[in-house]
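Take a look at the structure set out below.
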């Protein structure tokens, strides 16, 4: 069976919970250098917070990348993913065109990387009151038609274990399973 190994060198490093930016940058750079020295595929996940972050001190993915990710790291990463949680961003749902534009801007900074979503979800596991909204998120993002040659799709439903396992009885397993089929169709173009 084929095995895919991608080593994440930083997760949501531009979020204010990741610590001071210089320290986060030093850690992700050191992790990248370790993966590059071993010729491993590397990924960086950034927190998409455009217009909805935790104040003006929290940098968005583009600003953080320009200021804190060295050019050699930006040029060498295999994947760059975005985490996005609509319910933590005022319910904003950017259009496929808006996401495509953002991924184009991100690709200008990470020219060799495949881009996509690392995390999507709700701020908490789905409940009877939020299952429909969660299923709508899955349908939208997994099937998002971003038509860029370097778009990888991705997706990691943050509360998968809570919302989808065991797979026959949990409320969102069918939605995620259908989402993977929608992702395959969207990526096939």
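All of the numbers you see were taken from the coordinates with simple rules; none came from a lab. No experiment lies behind these values; they were computed from the predicted model shown. No Cβ is skipped: glycine too gets one built from the backbone with ideal geometry, and neighbour counts run over all protein chains shown.
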Review point. Across region 38-80, which residue is farthest from residue 11 (Cα to Cα) among those that are in contact with a strand residue (DSSP E or B) (Cβ under 6 Å, 6 or more places away or on another chain) and part of a loop (DSSP other than H, G, I, E, B)?
Key: 40
Study note, to complete from the structure: For region 8-24, the count of residues that are touching a helix residue (DSSP H, G or I) at 6+ places or on another chain (Cβ under 9 Å), touching a residue at least 24 places away in the same chain (Cβ under 8 Å) and part of a helix (DSSP H, G or I) equals 3
Check your understanding: Taking residue 126 and the conditions (1) under 16 Å from the mean Cα position of the chain (by Cα); (2) farther than 20 Å from residue 9 by Cβ, which numbered condition does it fall short on, given that it satisfies the others?
Key -> (1)
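Of these, 111, 149, 166, 145, which one is touching a residue at least 24 places away in the same chain (Cβ under 8 Å), surrounded by fewer than 18 Cβ atoms within 10 Å (Cβ to Cβ) and out of contact with any helix residue (DSSP H, G or I) (no Cβ under 6 Å at 6 or more places or on another chain)?
111
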Revision key, fill the gap. Reported set for region 169-189 where residues are exposed (fewer than 14 other Cβ atoms within 10 Å of the Cβ), in contact (Cβ under 8 Å) with a residue 24 or more places away in the chain and in a loop (DSSP other than H, G, I, E, B) is 189
Practice item. Those residues that are farther than 14 Å from residue 8 by Cβ and part of a strand (DSSP E or B), I need them from region 81-92; list them, please. Key: 84
Exercise for review: Would you mind finding the one in 27, 104 that is assigned to a helix (DSSP H, G or I), surrounded by fewer than 17 Cβ atoms within 10 Å (Cβ to Cβ) and free of Cβ contacts under 8 Å to residues at least 24 places away in the same chain?
Suggested key: 27
